[in-house]
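Where a number appears in this text, it was derived from the coordinates with a stated rule and is not lab data. A quick note: this is a predicted structure, and the numbers were derived from the prediction, not measured. Note that each Cβ is placed from the backbone with ideal geometry, even for glycine, and that neighbours are counted across all protein chains shown.
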Amino acid sequence: MVHYRPPQEFVCNRSMIDEADRETLGRKWPACWEDAASLLEWINPYDRILDKENSPFYQWFIGGKLNAAENCIDRHLSERKSQVALRWEGKQGERRTYTYYDLYREVSAIAAALRELGVKEDDVVTIYLPKLPELPITMLACARIGAVHNVVFAGFAPDALVSRMQRVDSSALVTCDGSFREETMIDQKRKADAALASLKESPPVIVVDRLGTSHDTQLGKTQYDYDDLVETYVGADVAPVPRQSTDPLFHIHTSGTTGDPQQMTHATGGYLAGVARTSRTVFDLSPGTTIWCTADIGWITGHSYVVYGPLLSGATVVLMEGSLRYPDRHRPWKVIERNGVEILYTTPEVIRTFMKWGESFPEAHDRSSLQLLGTVGEPISPDTWKWYYTHVGEERCPIVDTWWQTETGCILISTRPGIDESKPGSVGPSLPGIKIQIVDEDGRELPPGEPGYLTITRPWPSMLAPLDGDRYWVLAEYWQTFSDPRADNWRYFTSDQAVVDDDGYVTIIGRDDHIITVDNRRLGTAEIEAVITTVDAVTEAAAVAESTAGETTLCVFATLKQEQWDRNVIRNAITDAVAEHIGEFARPANVIFAPELPETHSGKTMYRLLECVVNDRPFTDSDTLRNPEILGELATIWNWK
Ligand code: PRX
């Protein structure tokens, strides 16, 4: 494997803090996390770093009080009030710029408005907005008054919005009139209204006017125009509410292995400390650095490295609405050129799309501002890594391949640019303070080179926070596999399979559960299958990821109650059901009607073998199947589809 030393130009120009080596920091755990906490402004200092009472959930920085909005905005005002905090590029070519002072004023106005609408400390506000500046502004307005935000990806269908609002007992909703998908207008307000109609009581709703005069939106009785509220409350002095370090900052939903989306909560102090520290260690973010993370804010990557990490660091965030290929394939490179982007953080899937379009697009633009490249979300192949390094980074920008999850809150495994060398395809070593182990099914540590389950063996500050009552125990299943909370063998089971080499570099093999990533969004197959089996004719369904020319789409296998049904009608019913109940982005690209699904003797569907079918891979380890003959049949159906 070729190793890449950190490019000399990067090492000389950047101010990477060469932290003490991992061993030393490891011995100092949990005290090693104090330097992360010291990156934040505390209203009240904490008196204990860690509380082990609630094992397996640990709580961090006990007794400390702080406010997230104050940390992201107010603390910068004395030194960089006029510095640009946010640059936004709209789908129609519009551009907007917000300084830290602009953010302060608008966040305060919306915070005052939310209060006036009855939102109190600890209430939950759901935000259902596409990539508009009003989205991070509303998140910070919630944080300012101690409300808990619950961002729901704007592409979700009304049903998905309802379940995500009900689960957290949301007291208010912030949405917009609509947005554009390329040429098509999406009526976001209609989706929100459909969701509100199925709630027992309609909460107050704030509506951002995205479409302007091109679209007339009717506001109901408890619905308010965002701009009118800003105009009314601008200049309001809303003191940041001191929050306990352990108080929730936000809820976020992600896909789990059950049919229901899983709700996660991140606590204020620990989450912010983890994100601030990794923004510095992994991205070398400092005041004024311009970062463009292409993730949607509705997902954890957007929370941590579009909003909180960059703003805590006093950096400049680039936010781009719409698609990378519209109005043409030059758009991403124009965004980089126009905004002088220094750090680009994206996914292997996006990089593969760039590769498919060809290097002529990046090469037609000035990329000299770029200094560091990042990737996240799925394993990156060495070829894709090298293309990114050569054609985007001009062989002078280090690449950080960052491993983490919604549950972890911040990056846990990555090389540190300017310090560690890169091995394309391998994520890198765990960050200082993070201890990992690859184990077998019985929880025994495996030696380097042997693939197994990736586990984290020490708590870290931005780990997901405990929830009240029943939900606590639902989430506790994450730890059940290997953890015995009474013993000193705490372990977080990541659901990823991985292998580590002699240098401690981790290579991720893939997920060990039924979670797939489509269009950069994590989806649980159970959630999709539950929707498909509501279609009358369908008995059983299995959803798998299909990779075609670098793009991942969803492929569904379905068995039918009666063979003589009109298959085109059922195919449409299946794809429409998924688009309607989950979202258009999840619409399956292929539906295969199967006589039966490959199953083990205990009746478990063998997803791995279905993935072999759709990705034209040879079948391996199929001996445990109850019905091995079905594989050949499915391969034939697939090839004739
Ligand atoms: O399987 C791992 C994969 O994404 C999963 C987490 O998904 P989510 O919670 O949606 O968060 C995505 C962004 C943080 C992980 O369990 N994953 C994440 N980063 C990498 C990765 N797989 C390989 N390499 C990575 N760098």
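I need to check one value: relative contact order of region 578-623, counting alpha carbon pairs closer than 8 Å and at least 6 residues apart, in percent.
Details: 23 pairs, mean separation 8.1, N = 46.
It comes to 18 percent, rounded to a whole number.
Specify whether the C-alpha gyration tensor of region 345-451 places it in the rounded, prolate or oblate class, a ≥ b ≥ c being the square roots of the eigenvalues: rounded for a/c under 1.5, otherwise prolate if a/b is larger than b/c and oblate if not. Spell out each step's value before the answer.
Details: a/c = 2.41, a/b = 2.03, b/c = 1.19.
Prolate shape, in that a/c is at least 1.5 and a/b is the bigger ratio.
If you take every DSSP beta bridge fully contained in the chain, what fraction is antiparallel? Give it as a percent rounded to 5. If you can, show how the numbers build up before the last one.
Numbers: 55 of 94 bridges.
Counting only bridges with both partners in the chain, antiparallel ones make up about 60 percent.
Where nothing but the Cβ of Lys and Arg (+1) and of Asp and Glu (-1) is charged, how large is the charge dipole of the chain around its Cα centre, in debye to the nearest 20? Don't jump to the answer; show the numbers that get you there.
Working: 62 positive and 94 negative charges, 213 e Å.
The dipole magnitude comes to about 1020 debye.
Extending each Cα 7 Å along its Cβ direction at Arg608 and Asp237, get the distance between those two points in nm, one decimal.
Once both label points are built, they end up 6.5 nm from each other.
How much length, in nm to one decimal, is gained on full extension between Asp187 and Asp442, taken as 0.36 nm per residue of separation minus their Cα-Cα distance? Numbers along the way, then the final one.
Numbers: separation 255, 0.36 × 255 = 91.80 nm, distance 5.10 nm.
86.7 nm is the gain from fully extending Asp187 to Asp442.
For region 555-626, state which GluC sites (Glu not before Pro) are in a DSSP loop and have at most 16 other beta carbons lying within 10 Å of their beta carbon.
Details: sites: Glu563, Glu580, Glu584, Glu596, Glu599, Glu611; in loops: Glu563, Glu596.
Qualifying residues, ordered by number: Glu563, Glu596.
In whole angstrom, how far apart do the alpha carbon centroids of region 100-115 and region 314-347 sit?
26
Quick check: pseudo-label points 7 Å beyond the Cα along Cα→Cβ at Glu629 and Glu363, how many nm apart are they?
Modelled inter-label distance: 5.5 nm.
Please list 3J(HN,Hα) in residue order for region 575-581, calculated via the Karplus relation 6.51 cos²θ - 1.76 cosθ + 1.60 where θ = phi - 60°; whole Hz, with x for glycine and proline.
Values, residue by residue: 5, 5, 5, 5, 5, 6, 8 Hz.
Give me, ordered by chain and number, the residues 5 or more places off Leu431 or on other chains with an amide H under 5 Å from its own placed amide H.
Those qualifying (amide H under 5 Å, at least 5 residues apart or on another chain) are Ile413, Ser414.
Percent antiparallel among DSSP beta bridges with both residues in region 319-418, to the nearest 5? Numbers along the way, then the final one.
Numbers: 1 of 9 bridges.
Bridges in region 319-418 that DSSP calls antiparallel: roughly 10 percent.
Are there trypsin sites (Lys or Arg not before Pro) in region 195-244 that DSSP marks as loop and that have at most 11 other Cβ atoms within 10 Å, and which are they?
Values: sites: Lys200, Arg210, Lys221, Arg243; in loops: Lys200, Arg210, Lys221.
Hits after loop and neighbour filter: Lys200, Lys221.
Which of Lys28/Lys52; Lys65/Lys131; Lys91/Lys200; Lys131/Lys200; Lys131/Lys221 have a Cα-Cα distance over 24 Å? Don't skip to the end; give the middle numbers.
On the way: Lys28/Lys52 17 Å; Lys65/Lys131 30 Å; Lys91/Lys200 35 Å; Lys131/Lys200 29 Å; Lys131/Lys221 26 Å.
Beyond 24 Å between Cα atoms: Lys65/Lys131; Lys91/Lys200; Lys131/Lys200; Lys131/Lys221.
Label region 519-639 by shape, choosing from rounded, prolate and oblate, from the square roots a ≥ b ≥ c of the eigenvalues of the Cα gyration tensor; if a/c is under 1.5 it is rounded, and otherwise prolate applies when a/b is larger than b/c, oblate when it is not.
On the way: a/c = 1.64, a/b = 1.23, b/c = 1.34.
Judged from the Cα gyration tensor, region 519-639 comes out oblate (a/c at least 1.5, b/c at or above a/b).
Quick check: residue separation of Arg48 and Ala530 times 0.36 nm, minus the Cα distance between them. What number comes out in nm? Could the numbers behind the result be given before it?
Working: separation 482, 0.36 × 482 = 173.52 nm, distance 4.47 nm.
Contour length minus the Cα-Cα distance gives 169.0 nm.
Per residue of region 609-619, what does 6.51 cos²θ - 1.76 cosθ + 1.60 with θ = phi - 60° give for ³J(HN,Hα)? Whole Hz please, x for Gly and Pro, Karplus curve as stated.
6, 5, 5, 4, 4, 6, 10, 6, 9, x, 7
Among the GluC sites (Glu not before Pro) in region 288-379, which ones are in a DSSP loop with at most 15 other Cβ atoms within 10 Å of the Cβ? Mind listing them?
Taking region 288-379 and a limit of 15 other Cβ atoms within 10 Å, the loop GluC sites (Glu not before Pro) found are Glu359.
Between Glu121 and Thr600, with labels modelled 7 Å along Cα→Cβ, what's the label distance in nm to one decimal, could you check?
It works out to 5.0 nm between the two label points.
For the chain, what is the relative contact order in percent, using Cα pairs closer than 8 Å and at least 6 residues apart in sequence? Working shown, then result.
Details: 1357 pairs, mean separation 86.1, N = 641.
Across the chain, relative contact order equals 13 percent.
Show me the ranking of peptides 453-466, 405-418 by mean Cβ neighbours inside 10 Å, starting with the highest. Please list the in-between numbers first.
Details: 453-466: 22.9, 405-418: 24.7.
For the peptides 453-466, 405-418, the packing ranking is 405-418, 453-466.
Got a sec to turn the phi values of region 199-213 into Karplus ³J(HN,Hα) couplings, 6.51 cos²θ - 1.76 cosθ + 1.60 with θ = phi - 60°, whole Hz, x for Gly and Pro?
Rounded to whole hertz, the list is 8, 4, 10, 8, x, x, 10, 9, 10, 7, 8, 8, 8, x, 6.
Around Thr552, which amide H atoms from residues at least 5 apart in sequence, or from another chain, sit under 5 Å from its own amide H, with H modelled in the peptide plane?
Those qualifying (amide H under 5 Å, at least 5 residues apart or on another chain) are Asp519.
What full-extension length gain, to one decimal in nm, is calculated for Lys200 and Asn639 as 0.36 nm per residue of separation minus the Cα-Cα distance? Write down the numbers at each step before the final one.
On the way: separation 439, 0.36 × 439 = 158.04 nm, distance 4.88 nm.
Result: 153.2 nm gained on full extension.
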